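Trainee: Here it is, the structure in full.
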Amino acid sequence: MQDTSTLPLPPRSGQLMTELGKRVLIADGAMGTMLQEAAPSLEDFQGLEGCNEILNVTRPDIIESIHDSYFDTGVDAIETNTFGANWSNLSDYQIDERIEELAQAGASIGRASAEKYESNDGRLRWVLGSMGPGTKLASLGHTTYKHLKDTFALQAKGLITGGADAFMIETSQDLLQTKAAINGCKDAMRQTGTRLPLFVEVTVETTGTMLMGSEINAALTALEPLGIDMIGLNCATGPQEMSEHLRQLSQHSRIPVMVMPNAGLPVLTADGARYPLGPQELATAHEQFVKEFGLSMVGGCCGTTPEHLSAVVKRLGGGSPAPRSPEPEPGVASLYQHVPLTQDNTYLAIGERTNANGSRAFREALLEGRIDDCVDIAKKQVRDGAHLLDVCVDYVGRDGVADIRDIVTRLAQASTLPLVIDSTEPSVIKAGMELIGGRPAVN
């Protein structure tokens with residue numbers, strides 16, 4: 001399979017990456033907030049109320065006017081109206097056969113707006129192809145990694161052909177879903193022969209973890225090695241709640257870091273949710289983040305408006321990020337936590353009792369289909385101080401692919417430890433890897 005890093009980068013995308021190394025780039029704010037203000041009719045939605053992506057073909061004028069309102073503030077980039085142009089969202093409306101069409105239409109509208117402003121002053125503006133998480137999470141068994149990857153590839157292909165300059169995989173809640181989106185983008189790059197930068201934003205809840213329980217260092221460990229170009233946070237909270245997570249990314253990420261917070265935590269009122277953070281407060285927060293954490297891109301998410309981004313542009317436009325000296329911490333990760341390869345006690349302990357060739361108790365439980373007992377064996381190794389769990393189901397006469405799926409599906413959620421997929425069969429290794437949101441080891 002062709003390495004996407006060898007594919008040509010379009011000139012616009014190349015300039016985007018160059019500028020990221022020179023100054024802080026400012027992206028736009030919320031699309032959904034602005035669409036609510038525009039109040040499209042049910043006819044505009046073609047009866048599919050709430051399907052914002054259908055407006056790319058029924059009311060492109062509304063979408064372009066929103067892009068224009070952000071470009072009017074002086075931002076460098078806008079995100080396409082394609083957050084939900086994916087299988088799980090569109091299948092809820094029974095129009096998932098239109099993924100590529102709606103993604104392409106959204107990117108085309110964004111590109112038209114950018115080029116309109118470029119023609120006035122010659123300054124490049126960029127179009128970031130928005131890819132939301134959808135409503136089905138692979139780690140919860142709602143769908144498979146492969147199905148998500150294949151359908152994200154359709155969305156990514158539409159964004160490429162529509163004129164996006166980079167992918168923005170955002171509001172990521174499940175690391176396995178995020179990996180499917182990243183690799184779906186790479187499949188689309190190979191199909192089109194065009195490489196676009198890959199930007200990824202995860203969403204950390206007020207609990208301090210992603211929706212599936214992943215802490216920020218687990219996300220960095222799982223995603224950075226996939227060859228993404230920038231990582232950061234967006235949605236769920238305001239800037240105050242993101243500070244410590246940004247600090248971790250700033251200290252350990254080899255690649256640029258970005259942030260797009262909500263306008264504070266929503267406050268429920270009689271008229272619905274209200275976002276309390278004002279334009280100057282957002283600008284102040286971004287200024288502090290850029291100085292303290294060396295962020296390369298900032299913008300806004302839910303509740304942010306052109307007024308918010310205008311304040312950010314006035315405060316930060318043309319400025320450079322503070323220099324960073326990251327100290328990467330090599331390691332592996334479960335869905336939940338990062339485990340550094342260098343341990344204070346001088347060795348990394350790998351629990352081997354979940355190996356059918358080394359543990360009679362595990363082998364007998366596996367052969368008899370007692371998966372709960374297999375999980376109990378794994379949990380005992382956690383209590384005994386293992387840092388990783390070796391998982392080997394290779395046994396003569398068994399269907400290794402089926403066995404690894406049964407075991408890894410349970411262990412990936414029942415244990416907080418990273419796994420070691422241990423097999424001599426490539427098909428077994430592949431099947432196991434497709435169920436793991438974190439970064440496993442392979443033996």
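The values are calculated or read from the model by the stated rules, or taken from the named source; none is laboratory data. From a predicted model like this one, the values you see are computed outputs, not experimental measurements. In this analysis, Cβ positions are derived from the backbone assuming ideal geometry, glycine residues included, and neighbour counts consider all displayed protein chains.
Trainee: Taking only segment 18-71 into account, find how many residues are of a type in the set (Gly, Ala, Ser) and under 19 Å from PRO306 (Cβ atoms).
Mentor: 8
Trainee: Hey, another quick one. Of all residues being of a type in the set (D, E, K, R) and touching a residue at least 40 places away in the same chain (Cβ under 8 Å) in segment 225-260, which is surrounded by the fewest Cβ atoms within 10 Å (Cβ to Cβ)? Just the residue, please.
Mentor: By that ranking, first place goes to ARG254.
Trainee: So which residues in segment 9-43 are part of a loop (DSSP other than H, G, I, E, B) and among the hydroxyl-bearing types (Ser, Thr, Tyr)?
Mentor: Scanning segment 9-43 gives a single hit, SER41.
Trainee: With surrounded by 21 or more Cβ atoms within 10 Å (Cβ to Cβ), in a helix (DSSP H, G or I), touching a Leu at 6+ places or on another chain (Cβ under 8 Å) and of a type in the set (A, V, I, L, M, F, W, C) as the only criterion, which of ALA283, ALA263, ALA222 stands out?
Mentor: ALA222
Trainee: Let me ask something else. For segment 143-153, check the following and say yes or no: at least one residue is of a type in the set (Lys, Arg), assigned by TED's automatic domain parsing to the domain that holds ASP92, touching a residue at least 12 places away in the same chain (Cβ under 8 Å) and over 21 Å from GLY29 (Cβ atoms).
Mentor: Looking through segment 143-153, at least one residue is of a type in the set (Lys, Arg), assigned by TED's automatic domain parsing to the domain that holds ASP92, touching a residue at least 12 places away in the same chain (Cβ under 8 Å) and over 21 Å from GLY29 (Cβ atoms).
Trainee: ARG363 - would you say it is assigned to a loop (DSSP other than H, G, I, E, B), of a type in the set (Lys, Arg) and surrounded by fewer than 20 Cβ atoms within 10 Å (Cβ to Cβ)?
Mentor: Judged against the criteria, ARG363 is not a match.
Trainee: Return the residues of segment 381-398 that are exposed (fewer than 14 other Cβ atoms within 10 Å of the Cβ) and among the small types (Gly, Ala, Ser); say none if nothing qualifies.
Mentor: Correct list: GLY385, GLY397.
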